[in-house]
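**Q** This is the structure, below, for whatever I ask next.
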Protein chains: 2
Amino acid sequence: MTVAVDNIVEALKQFLDGDQVSVNETVRELHGQDESYHVASLPDIVVFPKTKEQVSEIMKLANELVVPVVPFGRGSSLEGHVIPYQNGITIDFSLMDKILEIRQDDLLVKVQPGVTRMQLNKELKKHGLFFSVDPGADATLGGMAATNASGTTAVRYGVMRDQVRDLEVVLADGRIIHTGNLAAKSSSGYHLNGLFVGSEGTLGCFTELTLKVYGIPEFETAARAVFPTVEDAIAAVTSILQVGVPIARVELVDEESIRQVNHYSDTDYPEKPTLFIEFHGNEAGLAQDVIFTREIMEDHGCVEVQFESDNTARTKLWDARHNLAYAYTHGHPGKKQMVTDVCVAISDLADAVHFAREQLNAANLPGGVLGHVGDGNFHAIVMIDMKDAEEVKRADAFNEAIVQFALDRNGTCTGEHGVGIGKQKYQAKEHGESYNVMKAIKISLDPNNILNPGKIVRIEE
Amino acid sequence: MTVAVDNIVEALKQFLDGDQVSVNETVRELHGQDESYHVASLPDIVVFPKTKEQVSEIMKLANELVVPVVPFGRGSSLEGHVIPYQNGITIDFSLMDKILEIRQDDLLVKVQPGVTRMQLNKELKKHGLFFSVDPGADATLGGMAATNASGTTAVRYGVMRDQVRDLEVVLADGRIIHTGNLAAKSSSGYHLNGLFVGSEGTLGCFTELTLKVYGIPEFETAARAVFPTVEDAIAAVTSILQVGVPIARVELVDEESIRQVNHYSDTDYPEKPTLFIEFHGNEAGLAQDVIFTREIMEDHGCVEVQFESDNTARTKLWDARHNLAYAYTHGHPGKKQMVTDVCVAISDLADAVHFAREQLNAANLPGGVLGHVGDGNFHAIVMIDMKDAEEVKRADAFNEAIVQFALDRNGTCTGEHGVGIGKQKYQAKEHGESYNVMKAIKISLDPNNILNPGKIVRIEE
């Protein structure tokens with residue numbers, strides 16, 4: 001940055017109130033890290049806009065002065081997406097947190113980017129509606145769109161990209177565009193919705209989102225099913241999906257992870273590969289699905305299965321899965337989590353999970369595997385002592401081996417966490433010549449490379 | 001074009017066999033029009049590549065000589081997409097028509113672009129699978145991806161863009177890229193799949209597609225339901241969708257169109273607004289859905305409803321909807337069809353259909369309205385005598401009024417037919433500043449503007 005911070009602050013205060021611009025050390029520190037193990041780096045200035053016009057003014061100024069800009073939601077990203085390694089301005093969207101409109105008949109909502117998913121679901125519940133994407137963290141919807149977040153429900157309702165009907169975006173030069181409209185489908189123009197979702201702040205800042213919502217299902221049933229091996233569990237899921245049973249969630253938890261859960265939650269689940277499943281539908285349909293699913297699972301060697309429809313019992317059943325990350329942290333005090341995130345074709349999933357377990361054992365790293373098996377996406381959770389350079393190195397090598405395994409089978413290095421800084425080094429390898437197409441698009445929309453520079457594509461390469 | 005056709009032909013024959021290059025008048029005429037009312041224009045040369053390498057060589061040559069290139073599937077487009085108004089080379093993909101791979105466990109298929117959807121479904125049926133997108137015509141899958149086609153099943157299974165896992169694309173300069181991979185979800189890089197689907201040959205030529213397929217549903221039920229007004233029918237659909245009944249198709253046919261069908265098919269359906277509905281699921285679930293749906297429809301004034309689960313009876317019931325286009329053509333000999341294609345929010349649909357009917361009457365044009373009402377997408381079919389300039393003018397004005405109505409309500413000018421030449425004039429109006437973003441992307445990927453020039457974006461503007 002060639003312009004002095006003081007001068008930028010002064011220029012920002014021409015259109016922002018004093019309390020919307022901060023150079024306070026603590027504020028900068030809060031915006032210099034995310035929930036990952038990646039090294040912190042502080043922005044020079046943090047701004048808190050209240051309107052799209054203010055965001056536009058910020059971008060015009062930054063573009064003119066060639067100052068890097070990073071949009072920031074809640075900082076719950078897992079690959080260093082929001083860490084400003086080139087410093088500059090961080091735009092915090094916490095003051096743009098209004099639910100603007102609920103269009104009940106259209107099953108659409110319009111929100112500002114700082115609204116969190118739990119805030120939205122609390123409001124939607126009053127209308128008998130829900131927002132489907134559940135990445136675990138109570139992330140902002142702007143952030144979830146920026147990383148194309150997903151989570152446990154993607155197998156039924158799709159990922160964040162599938163929910164976005166329209167984005168209002170402020171471009172690098174301050175222009176304001178809409179990437180979509182209110183129509184459920186369109187063959188008009190290029191599909192900018194899809195391009196901007198998952199762009200991680202590198203193509204523009206989102207200032208408004210129109211999202212799909214769903215009617216709360218009439219009936220829900222959950223199941224916990226125990227299998228002798230990971231291969232059996234995955235084979236069962238493959239069969240269930242093929243016959244078209246509408247699974248709403250299906251999560252694999254490996255035996256080491258069940259052990260962590262038992263220890264943390266004082267449960268005594270069999271310490272074997274386990275599926276946590278949820279079905280949404282009508283009562284009669286689900287009753288038939290349950291019979292059918294049970295048969296398929298037994299064909300695949302299922303040794304124990306428990307179905308629950310009652311609300312409390314379902315919640316308790318899912319607690320084991322939901323508490324998994326805490327269980328690992330609790331069981332390894334002082335250590336940080338490194339979480340892999342590859343996604344492969346379902347037919348490669350059993351091999352990939354098997355490979356991950358072997359590599360964990362070989363590297364002598366504590367951790368386990370859990371997976372959104374309906375999508376072929378799984379996470380290996382590795383507990384590492386960040387002060388032990390040798391252990392960090394082994395964990396990095398493990399992560400790299402998992403990624404390479406997925407890329408060798410035409411999978412992806414990240415199913416849902418996004419690229420950020422952690423997966424940047426794999427972009428050229430994963431996308432091949434397409435990586436140059438991505439760079440060309442980035443340059444055409446952000447010629448000064450001020451928007452979250454160094455994330456997804458590296459222009460300087 | 002500054003280079004003589006003979007010289008280009010000679011250059012093409014360096015890497016194509018003689019019978020893969022044609023300047024024959026009849027062949028050129030077959031590639032100078034589509035199924036629409038748009039004026040024909042002939043390519044100078046038609047080529048029939050057999051491999052991606054040949055497509056790449058064609059593009060390298062065209063780019064070097066700055067010759068326009070139009071990719072061509074079956075010519076079933078409805079807005080002049082494949083008509084080469086700047087002449088040049090048309091690439092016909094009919095020799096690239098192989099189904100390359102069926103990955104049963106992954107619910108994926110890999111096909112060449114010249115495979116048609118019926119060809120694919122015939123093969124898939126042997127495996128208990130089906131491909132969901134049904135635009136009516138037996139289009140090629142390459143063409144369907146190029147226009148982001150959809151049709152009656154989009155309400156349940158999504159549009160073409162939702163089915164594309166990966167495209168192999170030859171870019172303007174001959175580079176070959178892949179836009180995706182085999183993973184069901186990815187947050188890696190920019191979403192090129194979404195960008196290239198619907199790009200209508202303006203960003204590249206597709207040489208291979210990896211597509212999602214589905215298990216054939218266990219049970220299907222169809223219904224025909226008659227309502228006093230279009231408003232009642234749409235209100236019923238809105239209620240059914242809100243409670244989450246998984247409708248697989250829901251089509252509205254207005255009373256004038258039922259009249260055409262009765263006349264053509266010798267049926268005696270009540271000449272009132274009618275819904276044709278299809279449900280996919282398990283038997284018990286559908287039985288409950290049928291009861292529930294019947295109640296909702298009766299609440300909305302449904303005056304007659306017929307449910308059918310037997311295969312033959314279902315097919316017969318749907319015949320009325322399927323034969324609609326033929327019925328109109330049959331009833332108006334010598335006339336051509338102009339078909340509007342706007343899509344609006346569901347809450348605006350009743351008003352939009354009402355407006356279309358009023359405008360048809362006011363313009364004294366014969367025609368009717370049918371709609372994919374679950375998506376807010378509807379077609380007004382207008383029968384026009386292309387030799388009657390005044391009638392064509394009235395039809396154009398009608399089309400424009402319908403589009404303007406949709407754009408005023410933040411809808412789209414085309415829900416599924418695409419832009420081609422017919423909707424090009426609305427692109428700047430519909431997309432606003434985003435239109436300039438689309439132009440920037442086009443220029444960054446096709447700087448010589450050789451790929452289907454003049455479609456979607458006009459660079460010269």
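The values are calculated or read from the model by the stated rules, or taken from the named source; none is laboratory data. Model, not experiment: these values are computed from the prediction. Methodologically, a virtual Cβ is constructed for each residue, glycine included, from the backbone with ideal geometry; neighbour enumeration extends over all protein chains shown. For the accessible areas, the whole protein counts, side chains as well, though only heavy atoms, and no ligand, DNA or RNA atoms are used. Shrake-Rupley method; radii C 1.70, N 1.55, O 1.52, S 1.80 Å.
**Q** Heavy atoms of the protein only, probe of 1.4 Å, neighbouring chains included. What is the accessible area of B:Arg175 in Å², nearest 10?
**A** 80
**Q** To the nearest 20 Debye, how big is the dipole of the stretch A:5-94 about its Cα centre, given +1 on the beta carbon of each Lys and Arg and -1 on that of each Asp and Glu?
**A** On the way: 6 positive and 14 negative charges, 41 e Å.
With Lys and Arg at +1 and Asp and Glu at -1, about 200 debye.
**Q** Here's another thing I want to ask about it. Evaluate peptide A:427-435: per residue, the Cβ atoms of other protein chains within 10 Å of its Cβ; return the mean as an integer.
**A** Numbers: counts 3, 1, 0, 5, 9, 4, 6, 11, 3.
Mean partner-chain Cβ count within 10 Å for A:427-435: 5.
**Q** Mind jotting down a quarter of the surface of the convex hull over the alpha carbons of the stretch A:260-332, in square nanometres, one decimal? Write down the numbers at each step before the final one.
**A** Details: hull surface 21.9 nm².
Mean shadow area of the hull around the Cα atoms is 5.5 nm².
**Q** Can you give the accessible area of B:Lys335 in Å² (nearest 10), computed on protein heavy atoms with a 1.4 Å probe?
**A** 60
**Q** Spin-label point model (7 Å from Cα, Cβ direction): what's the A:Thr229 to A:Lys126 distance in nm?
**A** 5.4
**Q** Two decimals is fine: what's Rg over Rh for the stretch B:5-94, C-alpha atoms, Kirkwood radius as Rh? Before the final figure, lay out each step's value.
**A** Details: Rg = 12.3 Å, Rh = 13.0 Å.
Radius of gyration over Kirkwood radius for the stretch B:5-94 works out to 0.95.
**Q** Here is a follow-up. Which number do you get for Rg(Cα) / (2.2 N^0.38 Å) in the stretch B:265-421? Numbers along the way, then the final one.
**A** Numbers: Rg = 17.6 Å, N = 157, 2.2 N^0.38 = 15.0 Å.
The stretch B:265-421 yields a ratio of 1.17.
**Q** Using a Cα-Cα cut-off of under 27 Å, which lysines could be cross-linked to B:Lys439, ignoring same-chain neighbours fewer than 8 residues away?
**A** Partners found: A:Lys52, A:Lys60, A:Lys185, A:Lys439, A:Lys442, A:Lys455, B:Lys52, B:Lys60, B:Lys423, B:Lys425, B:Lys429, B:Lys455.
**Q** Can you return the aspartates and glutamates within cross-link range of B:Lys393? Criterion is Cα-Cα under 13 Å, with same-chain partners fewer than 8 residues away left out.
**A** B:Asp385
**Q** Let me ask another. Roll a 1.4 Å probe over the protein chains and send me the accessible area per residue for the stretch A:332-418 in Å². Could you put the intermediate results ahead of the total?
**A** On the way: 2990 Å² over 87 residues.
Accessible surface, normalised per residue, equals 34 Å².
**Q** If you don't mind, there's one more thing I want to ask. Using a 1.4 Å probe and counting only protein heavy atoms, arrange A:Glu430, A:Glu101, B:Glu168, B:Glu29 so the residue with the most accessible area comes first. Don't skip to the answer; put the middle values down first.
**A** Working: A:Glu430 35, A:Glu101 65, B:Glu168 5, B:Glu29 90 Å².
Ranked from most to least accessible, the order is B:Glu29, A:Glu101, A:Glu430, B:Glu168.
**Q** Rounded to whole Å and ordered largest first, report the semi-axes of the equivalent ellipsoid of the stretch A:396-461 derived from its Cα gyration tensor (root of 5λ). Intermediate results must be reported in sequence, preceding the final value.
**A** Values: eigenvalues 109, 32, 16 Å².
Taking √(5λ) for each Cα gyration eigenvalue gives 23, 13, 9 Å.
**Q** Oh, and also: How large a share of the accessible area of the stretch A:99-215, in percent, is made up of carbon and sulfur atoms when the probe is 1.4 Å and the other protein chains stay in place? Walk me through the numbers before you get to the answer.
**A** On the way: 1400 of 2950 Å².
With neighbouring chains kept in place, the figure for the stretch A:99-215 is 48 percent.
**Q** With unit charges on the beta carbons (Lys and Arg positive, Asp and Glu negative) and the dipole taken about the Cα centre of the protein assembly as shown, which residue among A:Gln86, B:Gln424, B:His263 sits farthest to the positive side?
**A** A:Gln86
**Q** Let me ask something additional. For chain B, what does -39500 (n - 2.57) per DSSP helix run (n ≥ 4), summed and divided by total residues, give at 222 nm, in deg cm²/dmol to the nearest 500? Mind showing how you got there, number by number?
**A** Working: 17 runs with 173 residues, N = 461.
Helix-only estimate at 222 nm: -11000 deg cm²/dmol.
**Q** Would you please report the Å³ per residue occupied by the convex hull of the alpha carbon atoms in the stretch B:170-216? Don't skip to the end; give the middle numbers.
**A** Values: hull volume 4.8 nm³, N = 47.
In the stretch B:170-216, the Cα convex hull volume per residue is 101 Å³.
**Q** Still on this structure: Evaluate Rg over Rh across the protein assembly as shown, taking Cα atoms for both radii and Kirkwood's formula for Rh. The partial results should precede the final answer.
**A** Values: Rg = 27.7 Å, Rh = 28.8 Å.
Dividing the radius of gyration by the Kirkwood radius yields 0.96.
**Q** Averaged across the residues of B:12-22, what count of C-beta atoms belonging to other chains lies within 10 Å of each residue's C-beta? Show your work: numbers first, answer last.
**A** Numbers: counts 0, 0, 0, 0, 0, 0, 0, 0, 0, 0, 0.
The per-residue average across the peptide is 0.
**Q** Might you work out the accessible area of B:Asp44 for me, using a 1.4 Å probe with all protein chains in place, and round it to the nearest 10 Å²?
**A** 30
**Q** Another one. With 5 Å bins from zero, work out the P(r) of the stretch B:99-215 over every alpha carbon pair and list the percent per bin.
**A** Per 5 Å bin, starting at 0, the Cα pair percentages come out as 2, 12, 24, 26, 21, 10, 4, 1, 0.
**Q** Give me the inter-chain shielding for A:165-177: mean count of other chain Cβ atoms within 10 Å, whole number please.
**A** On the way: counts 2, 1, 0, 0, 3, 0, 5, 0, 0, 0, 5, 3, 8.
What the average comes to for A:165-177 is 2.
**Q** Something else about it: Determine the total buried accessible area between chain A and chain B, counting protein heavy atoms only with a 1.4 Å probe; round to the nearest 100 Å².
**A** Between A and B, the summed buried area is about 6200 Å².
**Q** Using the charge dipole of the stretch B:326-377 (Lys, Arg: +1 at Cβ; Asp, Glu: -1 at Cβ; taken about the Cα centre), state which of B:Thr340, B:Ala350, B:Val373 has its Cα farthest towards the positive end.
**A** Projecting each Cα onto the dipole axis, the largest value belongs to B:Thr340.
**Q** Counting only Cα atoms, I'd like the Rg/Rh figure for the stretch A:332-418, Kirkwood definition for Rh. Intermediate results must be reported in sequence, preceding the final value.
**A** On the way: Rg = 12.4 Å, Rh = 12.8 Å.
Taking Rg over the Kirkwood Rh, I get 0.97.
**Q** How many nm separate the modelled label positions at A:Thr315 and A:His354, each set 7 Å beyond the Cα in the direction of the Cβ?
**A** The modelled label-to-label distance comes out at 4.0 nm.
**Q** For chain A, what is the largest minus smallest coordinate of the Cα atoms on each principal axis, given in angstrom and ordered from greatest to least?
**A** The Cα atoms of chain A stretch 68, 57, 43 Å along the principal axes, largest first.
**Q** A further question follows. Pop out a list of residues from the stretch A:255-282 that are at least 30 Å² less accessible with all the protein chains around than in their chain alone; 1.4 Å probe, no ligands or nucleic acids counted.
**A** Hits at the 30 Å² cut-off: A:Asn282.
**Q** Still on this structure: Setting aside same-chain residues fewer than 8 positions from A:Lys387, which lysines have a Cα under 16 Å from its Cα?
**A** A:Lys335, A:Lys336
**Q** If I take R0 = 41 Å and measure r between the Cβ atoms of A:Glu304 and B:Ile216 in this structure, what FRET efficiency does the formula 1/(1 + (r/R0)^6) give, to the nearest 0.05? Walk me through the numbers on the way to the answer.
**A** On the way: r = 32 Å, r/R0 = 0.77.
With a Förster radius of 41 Å, E is 0.80.
**Q** How large is the accessible surface per residue of the stretch A:144-267, computed with a 1.4 Å probe and reported in Å² as a whole number?
**A** Values: 2900 Å² over 124 residues.
Accessible area per residue, the stretch A:144-267: 23 Å².
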